[in-house]
Amino acid sequence: MSTTPSAKRDRIELIGLYIVSILLAFVIAAILVNTSGGSWSKAVEAMINGSFKNPGRWGETLRRAAPLLIVAAGSAIAAKAGIINIGQEGQVLIGATGAAFIMTKIHPGSPLMLILGVVLGMLAGAAWAGISALLYYWRRVPVVLSTLLLVYLSSQITGYTMTRKFLLLEVVEGSPNRIQNSAKTAVNSRLGIMHIFGNNVPLTVPIAIIFAVGVAYILAHSVWGFRLKMLGFNPRTAQRAGVSHVRFGTMALLTSGAAAGLAGSLMLATGESNYRASSGFSASVGWDGLLVALVARNNPYASIPVALAFACLHTGSNFLAAAGVESVLVDVIRGLLVLALFIPPAVSELRKKRRVLALMTERA
Amino acid sequence: MADPISDHSIENHKGGGTSVPPPAVVVRRIVKRYGALAACDGVDLIMRAGEIHGVLGQNGAGKSTLMKILIGLVMPDEGSIAINGKDARIGSPQIASDLGIGMVHQHFSLVDGLSVWENVVLGEKAHLDRSAARSRVAEIGERYGLDVDPDARVSSLTAGQRQRVEIIKCLRRDPKILIFDEPTSVLTPEESSHLFGVLRNVVKTEGRTVALVSHKLEEVLRATDDITIMRDGKVVAFMRTNETDRHALAEAMVGRSVDLRGGKARHASENTIVASDVAAPVPVLEVIDASVHTKAAGVQLANLSLSVMAGEIVGIAGVEGNGQRVLADVLSSLTALNSGSIKVKGREIASGRPGAMSKSGIGVIPEDRHDSGCVLDMSVAENLVLADQVSVAQRGFLDRKKISAQAEELVQQFGINCSTVDAPMWTLSGGNQQRVVLARELSIGPSVLVAAQPTRGLDVGAIEYMGGRLKQAAAEGVGVLLISSEIEELIELSDRILVMYRGAVVGEMKAGEIDIHRLGMLMGGAE
């Protein structure tokens with residue numbers, strides 16, 4: 001399929017565009033760092049040290065990358081059906097909160113409780129996305145809008161569960177309990193951590209990779225994936241062929257919510273914020289995961305390196321402050337990089353369309 | 001046929017005394033070509049001030065192009081236009097507006113979420129004066145009998161009320177010449193006769209000029225003073241309304257060029273034999289009292305009933321916009337019926353339920369294949385299995401080998417020209433995309449095949465191929481419902497022709513007894 005000369009030319013052009021735009025992003029970033037009083041060479045060094053060079057750091061990077069990948073693979077499912085879910089941040093948080101009800105409440109815990117917790121987390125994430133499906137198919141509220149706004153609601157609800165002892169607030173004798181978080185998860189309900197060359201690599205890493213590959217396979221080869229694709233590309237043709245927008249659209253949205261919930265509950269099970277859930281628990285995993293999916297253009301395989309790159313940016317940036325770089329600059333640089341990764345495919349697509357159009361008018 | 005320029009009309013004005021004003025509009029020898037096709041081919045038109053002028057013709061006769069030229073949306077290649085005796089170059093809608101020409105389009109251009117008065121003043125650059133605008137809307141409404149609440153939301157209005165808003169919008173600019181493009185297509189008969197009353201009023205009491213573009217004989221006869229009839233981009237007749245009748249109009253509109261072909265009788269008898277061999281007396285498709293109506297679009301199907309026997313090709317004739325598209329949508333599970341039922345081989349099918357029609361054995365070649373016939377971003381092979389993925393799957397997973405093999409076979413069988421079966425659908429030419437749709441719909445072994453405008457936009461070879469395939473399908477016992485605006489095509493292929501008008505079947509003719517004259521009358525709603 002990709003052996004035609006024009007497809008080959010398109011690919012080379014795309015790679016060239018990537019190189020140019022990423023270089024440009026780095027140059028702009030370097031200028032920004034230098035003009036704000038830092039040194040770009042020190043900043044680069046700090047990023048490298050923070051993301052994988054220093055002891056134990058690449059384990060940290062992988063720990064961050066795993067939930068990003070799960071969230072991104074889930075987003076790809078909704079996107080395939082033509083539904084834009086941007087509320088993963090909330091779905092991750094609600095998922096972790098749901099899991100916390102089993103993992104922190106039932107002692108001493110057990111592997112079964114771990115599984116139950118994860119399942120509850122997935123159900124909670126799916127239910128949270130389900131609200132958006134309900135609003136859309138019942139009242140035509142745009143999914144983009146409702147998923148986004150539900151993020152803010154999710155942190156309020158989670159925050160509330162952390163203020164009541166009968167919900168998730170940690171019970172500490174004789175303490176006024178100012179810090180609003182849950183108790184630690186039961187030790188037996190935690191997910192294993194592999195120790196490799198002095199790095200702590202949680203089991204979420206292999207789980208995330210299996211999940212992403214599985215999603216890619218199902219989307220490409222199952223009848224279900226085929227139907228989602230039909231719905232995403234041409235809803236009327238899909239309707240004629242028996243693919244109900246309500247049924248398959250809802251399923252796609254629920255599945256992407258469940259993936260986010262899975263990411264949240266696995267984070268809790270592998271010790272994110274010291275095994276405690278709180279209203280800030282999701283730590284932008286949802287937002288970053290969504291960006292990963294966007295940059296990887298909803299391709300779960302491509303999401304693997306992109307998730308890793310975003311995780312590097314995250315863990316590396318923790319070391320930047322020590323290099324004298326303003327911490328807000330990290331967000332700016334991340335934004336630049338995202339733009340740099342977005343622009344090439346968009347430009348390439350436009351050029352391709354223009355060429356096809358030119359060809360068609362020539363024929364006519 | 002009569003030539004309006006040399007006819008009595010212009011001589012009256014030219015040679016007459018100074019008291020007679022020049023015609024409001026004189027169009028001379030207008031030509032507009034799109035590629036090889038001449039949409040207007042030397043068109044003349046004279047509209048007298050203070051009269052309603054009907055422009056009659058079928059789809060593609062060139063009426064709309066002519067009106068777009070008058071309103072400045074299209075520039076003619078040749079010819080001249082004079083407005084009130086002065087030569088005019090109408091290069092843009094703004095110039096047309098300055099010349100006092102306004103148009104009420106067939107398709108409404110209203111913003112649903114805004115109120116009536118907001119829609120009326122939309123696009124004005126001057127300072128918005130809410131109360132002045134509202135009272136002006138009310139005043140125009142009262143003066144012309146266009147009753148509509150200025151504060152109502154457009155989304156809450158019926159089709160007839162929406163049209164009133166469009167007319168108020170147009171009248172607000174005080175045009176001397178008003179063009180109405182198929183104004184009654186979404187109106188009820190009562191709303192239509194009310195509209196004609198308004199038009200007569202506008203013309204009589206205020207000396208304005210109205211052009212009424214229509215394909216409906218009855219309303220042209222009822223509402224106009226003069227009639228220009230167009231066919232294939234040319235003016236074929238010009239008549240004073242009180243000197244003509246519906247028969248003359250129908251004949252001029254449809255034309256005599258459509259002749260029964262020699263081979264037709266033989267083909268029909270062949271088919272009848274096949275039908276009696278294959279089919280039991282139960283029709284394969286029955287549409288019973290089907291009605292579809294929405295608030296925005298009005299009545300789209302009005303108690304439509306028809307049936308198709310196995311091995312029979314039933315043609316649906318009619319000017320576009322009389323419900324054919326909705327009928328095809330219903331048979332594609334895209335639109336639900338408000339009342340009535342659809343039966344395939346005697347079994348009732350739930351309308352509007354995704355996939356139900358297709359599963360029951362109704363194959364459809366849609367009018368717009370990009371809309372509901374194929375998925376451009378999927379491969380040819382995938383498009384060939386869209387309707388039935390289950391037969392090429394095992395335990396929920398697609399069998400790619402089987403899909404490819406099946407695709408290769410269909411590509412061979414239907415002569416589809418594509419680089420590989422994995423090529424995306426959009427790389428194919430229109431004719432080949434149409435063959436993919438046809439191949440898929442026939443490959444599921446349908447008992448009914450609905451073909452809506454199946455040859456539109458195809459070249460001669462592809463048209464012949466499509467016709468042959470439809471005949472072959474019928475010969476194999478499929479009931480074919482052929483919806484077309486090409487009368488020649490219908491006559492050549494159909495065993496029976498039904499005529500649709502305003503969402504209902506208004507007449508039926510057998511292959512051997514097709515009367516062009518009557519066909520034209522039925523299509524114009526004159527029976």
Residue list for the stretch B:436-495, filter: farther than 16 Å from B:Ser332 by Cβ, assigned by TED's automatic domain parsing to the domain that holds B:Val330 and of a type in the set (Val, Ile, Thr): B:Thr455, B:Val460, B:Ile463, B:Val478, B:Ile487, B:Ile491
Result of the Cβ filter at 9 Å on the stretch A:182-200, keeping first residues that are under 15 Å from A:Leu62 (Cα atoms) and modelled with pLDDT under 90 and partners that are among the aromatic types (Phe, Trp, Tyr) and crowded, with 18+ Cβ neighbours inside 10 Å, at least 6 apart or interchain, is A:Phe197/A:Trp58; A:Asn199/A:Trp58
Pick from the stretch B:197-218, criterion assigned to a helix (DSSP H, G or I) and surrounded by fewer than 19 Cβ atoms within 10 Å (Cβ to Cβ), ranking: nearest to the chain's Cα centre (by Cα): B:Glu218
Scanning the stretch B:441-455 residue by residue, the ones that are among the charged types (D, E, K, R) and either free of Cβ contacts under 8 Å to residues at least 60 places away in the same chain or surrounded by fewer than 17 Cβ atoms within 10 Å (Cβ to Cβ) (or both) total 0
Please state which of the following conditions B:Arg395 fails to meet, knowing it meets all the rest: (1) at negative phi; (2) within 11 Å of another protein chain (Cβ to nearest Cβ). (1)
Residues in the stretch A:323-339: is at least one more than 26 Å from A:Met113 (Cβ to Cβ), touching a helix residue (DSSP H, G or I) at 6+ places or on another chain (Cβ under 8 Å) and not in a helix (DSSP H, G or I)? yes
On the given criteria, is B:Arg469 closer than 16 Å to B:Pro366 by Cα and either over 20 Å from the mean Cα position of the chain (by Cα) or modelled with pLDDT of 90 or more (or both)? yes
When you scan the stretch A:198-208, do you find a residue that is of a type in the set (A, V, I, L, M, F, W, C) and within 14 Å of another protein chain (Cβ to nearest Cβ), even just one? no
Against the definition (crowded, with 16+ Cβ neighbours inside 10 Å, in a helix (DSSP H, G or I) and of a type in the set (Val, Ile, Thr)), how does A:Val292 come out, yes or no? yes
Taking the stretch B:34-49, which residues are more than 14 Å from every other protein chain (Cβ to nearest Cβ) and surrounded by fewer than 17 Cβ atoms within 10 Å (Cβ to Cβ)? B:Gly42
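Conditions (1) crowded, with 24+ Cβ neighbours inside 10 Å; (2) more than 20 Å from A:Val306 (Cβ to Cβ); (3) outside the structural domain of A:Thr255 (by TED's automatic domain parsing); (4) not β-branched (Val, Ile, Thr), marked per residue:
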position: A:Ile28; (1), (2), (3), (4): no, yes, yes, no
position: A:Ala43; (1), (2), (3), (4): yes, yes, yes, yes
position: A:Leu68; (1), (2), (3), (4): yes, no, no, yes
position: A:Ala72; (1), (2), (3), (4): yes, no, no, yes
position: A:Asn85; (1), (2), (3), (4): yes, no, no, yes
position: A:Gln88; (1), (2), (3), (4): yes, no, no, yes
position: A:Val92; (1), (2), (3), (4): yes, no, no, no
position: A:Phe101; (1), (2), (3), (4): no, yes, no, yes
position: A:Ile106; (1), (2), (3), (4): no, yes, no, no
Restricting to the stretch B:346-366, what's the tally of residues that are surrounded by 18 or more Cβ atoms within 10 Å (Cβ to Cβ), more than 8 Å from every other protein chain (Cβ to nearest Cβ) and more than 12 Å from B:Leu438 (Cα to Cα)? 5
Six or more apart or on different chains, Cβ under 8 Å: which pairs go from a residue in the stretch A:226-243 that's within 7 Å of chain B (Cβ to nearest Cβ) to one that's of a type in the set (Lys, Arg) and surrounded by fewer than 21 Cβ atoms within 10 Å (Cβ to Cβ)? Could you list them? A:Gly242/B:Lys359
Would you mind telling me which numbered condition in (1) hydrophobic (A, V, I, L, M, F, W, C); (2) farther than 27 Å from B:Ser360 by Cα; (3) surrounded by 23 or more Cβ atoms within 10 Å (Cβ to Cβ) B:Ile463 fails? (3)
Which residues, counting only those in the stretch B:501-518, are part of a helix (DSSP H, G or I) and either at pLDDT 90 or above or surrounded by fewer than 22 Cβ atoms within 10 Å (Cβ to Cβ) (or both)? B:Gly512, B:Glu513, B:Ile516, B:His517, B:Arg518
Every residue in the stretch B:398-429 that is of a type in the set (A, V, I, L, M) and either buried (at least 19 other Cβ atoms within 10 Å of the Cβ) or within 9 Å of another protein chain (Cβ to nearest Cβ) (or both), please. B:Leu398, B:Ile403, B:Ala407, B:Leu410, B:Val411, B:Ile416, B:Val421, B:Ala423, B:Met425, B:Leu428
Taking the residues in the stretch A:1-26 that are within 14 Å of chain B (Cβ to nearest Cβ) and either within 20 Å of A:Leu350 (Cα to Cα) or at pLDDT 90 or above (or both) as candidates, determine which candidate is surrounded by the most Cβ atoms within 10 Å (Cβ to Cβ). A:Asp10
Exactly one of (1) surrounded by 18 or more Cβ atoms within 10 Å (Cβ to Cβ); (2) over 16 Å from A:Ala277 (Cα atoms) is unmet by A:Leu120. Its number? (2)
Count of the stretch B:353-411 residues which are in contact (Cβ under 8 Å) with a residue 12 or more places away in the chain and not in a helix (DSSP H, G or I): 22
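The values are calculated or read from the model by the stated rules, or taken from the named source; none is laboratory data. As the structure is a computational prediction, the values presented were derived from the model and not from experiment. Cβ: placed from backbone, ideal geometry, glycine included. Neighbour counts: every protein chain shown.
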